[in-house]
1. Filtering segment 45-61 down to residues that are within 18 Å of Ala28 (Cα to Cα) and either in contact with a Cys (Cβ under 6 Å, 6 or more places away or on another chain) or surrounded by fewer than 16 Cβ atoms within 10 Å (Cβ to Cβ) (or both), which residue is modelled with the lowest pLDDT?
2. For segment 82-95, what are the residues that are free of Cβ contacts under 8 Å to residues at least 12 places away in the same chain and either closer than 15 Å to Lys42 by Cβ or in contact with a Lys or Arg (Cβ under 9 Å, 6 or more places away or on another chain) (or both)?
3. Give the number of residues within segment 19-37 that are within 15 Å of the chain's Cα centre (by Cα) and either free of Cβ contacts under 8 Å to residues at least 40 places away in the same chain or part of a helix (DSSP H, G or I) (or both).
4. Looking at segment 70-97, which of the residues that are modelled with pLDDT of 90 or more and aliphatic (A, V, I, L, M) is farthest from Asp30 (Cα to Cα)?
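The values are calculated or read from the model by the stated rules, or taken from the named source; none is laboratory data. Not measured: the values here are computed from a predicted model. With ideal geometry, Cβ positions are generated from the backbone for all residues, glycine too; neighbour counts draw on all protein chains shown.
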Amino acid sequence: MVYKGRVAGMLSPSFPDNTIDKKAVRFASDLVEQGYGSGLRKSKLVLVIKEVSDPADFDQIITAIEDEIGEYHYQMQQDVVIRPFDVTFDRKIKIEEKLWAFLFRVDLR
């Protein structure tokens, strides 16, 4: 489940008050139903939901998210042989007034 913007393991569904977590889970579920996602072992889609006050910040936000995803993926490989990977911005989708979804593709080489 999602808790404070992070996956929290095998917890029963719960969402903290006044967060975007519930909207994020519902949006991700809708995308899966629409056919988004990847069944490939070496490729996955990553969804990040963010509140954006100023659309002029999109480039900076996208770069920061790419870095976060890359760091997360690198940390996940610490106990195994490091495999090169690419993080690529796919698209942004407006959910509501200042809430945006950012989709990224992570491909292992």
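1. Here the answer is Leu45.
2. Ile82
3. Step one: list which residues in segment 19-37 are within 15 Å of the chain's Cα centre (by Cα), which gives 20-32, 36-37.
Applying the additional criterion that residues be either free of Cβ contacts under 8 Å to residues at least 40 places away in the same chain or part of a helix (DSSP H, G or I) (or both) yields 21-32, 37.
Summing the residues that are within 15 Å of the chain's Cα centre (by Cα) and either free of Cβ contacts under 8 Å to residues at least 40 places away in the same chain or part of a helix (DSSP H, G or I) (or both) in segment 19-37 gives 13.
4. Step by step, filter segment 70-97, then rank; the result is Val87.
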